[in-house]
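Read through the structure below, which is laid out as structure tokens, and then see the notes.
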Amino acid sequence: MTQRLPLIVFALVMALIPLVPGIPPFWIVLLDNIGLAALVAMGLVLLTGVGGLTSFGQAAFCGFGAYTTAVLTTAYGVSPWLTLPLSLLVSGIAAVLLGIVTVRLSGHYLPLGTIAWGIGLFYLFSKLEFLGRNDGISGIPPLAIGSYKMLSPGAIYCAIWIAVLISALLTMNLLDSRTGRAIRALRRGHIAAEAFGVHTPRAKLLVFIYAAVLAGLSGWLYAHFQRAANPTPFGPQAGIEYLFIAVVGGAGYVWGAVLGAGIVVILKEVLQSYLPYIFGGQSQLETIVFGILLVMLLQLAPSGVWPWLMAWLPLKAARKRPDTSLTLPARERAPTTSAALLQLDRARKQFGGVTAVNDVSFDVKAREIVALIGPNGAGKSTTFNLITGVLTATGGKIAVLGKDVEDAPPQEVVKLGVARTFQHVKLVPDMTVLENVAIGAHLRGHSGAVASMFRLDRADEAKLLAEAARQIERVGLTDQIDQLAGSLSLGQQRIVEIARALCVDPMLLLLDEPAAGLRHMEKQRLAALLRQLRDGGMSVLLVEHDMGFVMDLADRIVVLDFGTKIAEGTPDAIKKNPEVIKAYLGAAA
């Protein structure tokens, strides 16, 4: 209830504004425009601020929503309320068609792609005869409830802001879920998300469609607010402005979309109204001043105005701790036999003329800790990437539980019970420790996006968070459970990665330099945890440069040098191996 209190207060304030005696009608028009812009910006919060996909073409989806209802209501006499689902559907279908291509782009190609189709659709709207070409469609009927027609800005005000509030609630629900965590993980790249079962193209397409549907809703409302639709409001300039709104308000915050819309819409109106008087109407300086003020604002609050304001307000909602009595079904454990969980048979990886992994063969048996050591550049992390599907092997075979995985994607490898950490920590810094760890349990949950938006996922979500809390307690970070991951030390972040990997409930745990950055006592606790995991039925394959840590912990050691295996054996045998001493250890221990 406390998390929804700001939403309730905001709804009451917005409901009371039109009732204020003597309020100028122009203010209501401004609020209507703010609400319409906030809907589009809310989608961009999810798409750009959370999902990391920059789009300059959202105005085109407003056009799909507006033109759909304009055509159906004027040419076919369909009720405006019946055109709402159709407008959303058309916007969604357009997003699917465009998104299949767009979300596969990365880097600067992604925003350039959205600019390209945004311009293309703008010109398409202005050339199609049945859309009225550049003149557009007029005479769109107003929204009506019975005999009450929403002809004035004050009449449609409630419809617009009810849509904003419902969209904000659904968006917050979506972000506070298994699907939302998967979307938020996209910003740190796809490798870590895929390692825990997130299908990144599907997640990107989902958020692309969701943002388009919100823009389509805004377009539908705009058409019945203005009672006309022409291409001008749906062009590339409007798309850029919507992105500005999201960035100014705070690109990762739902309420930042509303605040950003208010700032930009009001600022534009003030400048357009008063600058011509100040400068005698000789030139359109409002665009220049508008740009300068926005740059100054972003200098003051580079992450957006909403997080800047929240940092000044002592409003910190305490999150309820997960009920750790709730449990997820455990993965079936491998029997204590000599059969190998993992087998590499002449595994090979070449990058052009460079051989990073050269016909390496070894295995990891059930209930065994195996260390993979060697100098920097020996191919250890590349071997990890081959095992987990991040890289595809050039040759040889890699099998997990007897199933070949050398060509399998990471999502399939993790389903077999293989979890990993990374040489360079891959956490989402602005998510809490609990949220980051819960990403590891992604495949153990089942609720989808629609269930999340309507809070039908609460039982499933409670179990996932309970599992995450248990693993955090297991690694000794309970005191940091609600801290942002980016605020922790490097050593603590590595421990968080281990907790995230344990949420998979793996049979084989791959740890890439887990002791780096840890103090002596922390290393001792980590070693005790890994022994406990082994005794409980889990196998561990680790890369580590701390030879004291490795020699005391590992059952077996595999040594690589320039991508080639030069030795394998017990810690005592490796200590005395002349090749290992020459290539790596430097002296017999």
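We did not get these values from a lab; they are worked out from the coordinates using the rules stated. Worth saying up front: this structure is predicted, and the values here are computed from it rather than measured. Backbone-built Cβ (ideal geometry, glycine too); neighbour counts: all protein chains shown.
Taking other Cβ within 10 Å of each residue's Cβ, how do LYS380, LYS575 sort, fewest first?
Ordered from fewest to most neighbouring Cβ atoms within 10 Å, LYS380, LYS575 come out as LYS575, LYS380.
With a sphere of radius 15 Å drawn around the Cβ of VAL96, what net charge do the other residues whose Cβ falls strictly inside it have (Lys, Arg +1; Asp, Glu -1)?
Residues close to VAL96 contribute a combined charge of +3.
Quick one: order VAL558, VAL270 by neighbouring beta-carbon count within 10 Å, fewest to most.
VAL270, VAL558
What residues have an amide H closer than 5 Å to that of ILE369, excluding those fewer than 5 places away on the same chain, when H is modeled at 1.01 Å from N in the peptide plane?
Residues meeting the amide H criterion: VAL540, ASP555, ARG556.
Over all directions, how big on average is the projection of the convex hull of the alpha-carbon atoms in the range 164-280, in square nanometres?
That works out to 9.4 nm², a quarter of the Cα hull's surface.
By how many nm would the segment from ARG321 to ILE8 lengthen if fully extended, with 0.36 nm per residue of separation less the alpha-carbon distance?
Roughly 110.3 nm would be gained on extension.
To the nearest 10 degrees, how steep is helix 109-127 against the longest Cα principal axis of the chain, on a 0 to 90 scale?
30 degrees
Treating only the Cβ atoms of Lys and Arg (+1) and Asp and Glu (-1) as charged, compute the dipole magnitude of the chain about its Cα centre; round to the nearest 20 debye.
Around 460 debye, computed over the chain.
Report, in deg cm²/dmol and to the nearest 500, the calculated mean residue ellipticity at 222 nm for the chain, where each DSSP H run with n ≥ 4 adds -39500 (n - 2.57) and the sum is divided by the residue count.
It lands at -16500 deg cm²/dmol.
With r defined as the distance between the Cβ atoms of LEU300 and ILE145 and R0 fixed at 60 Å, what FRET efficiency is calculated, to the nearest 0.05?
0.85
Apply 1/(1 + (r/R0)^6) to the Cβ-Cβ distance of ILE581 and GLU473, taking R0 = 45 Å, and write down the FRET efficiency to the nearest 0.05.
0.65
Using the Karplus curve 6.51 cos²θ - 1.76 cosθ + 1.60 with θ = phi - 60°, what ³J(HN,Hα) values do you get for each residue of the range 134-148, in whole Hz, with x for Gly and Pro?
Once rounded to whole Hz, the list reads 5, 6, x, 10, 10, x, 5, x, x, 5, 8, 10, x, 8, 8.
Give me the dipole magnitude in Debye, nearest 20, for the range 30-258 about the Cα centre, with unit charges on the beta carbon: positive for Lys and Arg, negative for Asp and Glu.
Taking the Cα centre of the range 30-258 as origin, the dipole is about 460 debye.
HN-Hα J couplings of the range 551-568 from phi, Karplus 6.51/-1.76/1.60, θ = phi - 60°, integer Hz, Gly and Pro as x?
Coupling constants for the range 551-568: 5, 7, 9, 6, 7, 9, 10, 10, 10, 10, 8, 6, x, 10, 6, 10, 6, 7 Hz.
Determine, for CYS62, CYS503, the number of other Cβ atoms within 10 Å of each Cβ, and report the residues in order from fewest to most.
Placing the least packed residue first, the sequence is CYS503, CYS62.
Mind checking the dipole of the range 97-222: about its Cα centre, +1 per Lys or Arg Cβ, -1 per Asp or Glu Cβ, Debye to the nearest 20?
Here the range 97-222 has a charge dipole of around 400 debye.
Towards the positive end of the charge dipole of the chain, with charges on Cβ (+1 Lys, Arg; -1 Asp, Glu), say which of VAL496, LEU294, GLY377 has the farthest Cα.
The residue sitting most towards the positive pole is VAL496.
Sort 102-110, 545-553, 413-421 for me by packing, meaning the mean count of neighbouring Cβ atoms within 10 Å per residue, highest on top.
Per-residue mean Cβ counts within 10 Å order the peptides as 413-421, 545-553, 102-110.
Which three extents, in whole angstrom, do the alpha-carbon atoms of the range 1-133 cover along their principal axes, largest first?
That gives 49, 40, 27 Å along the principal axes, largest extent first.
Please compute the modelled spin-label separation between ALA528 and LEU456, points set 7 Å along Cα→Cβ, answer in nm with one decimal.
For the pair LEU456/ALA528, the computed spacing is 4.7 nm.
Could you work out how much longer the chain between ILE17 and ALA573 gets when fully extended? Use 0.36 nm per residue separation minus the Cα distance between them, nm to one decimal.
192.2 nm
For the range 30-258, take N as its residue count and report Rg(C-alpha) divided by 2.2 N^0.38 Å.
0.99
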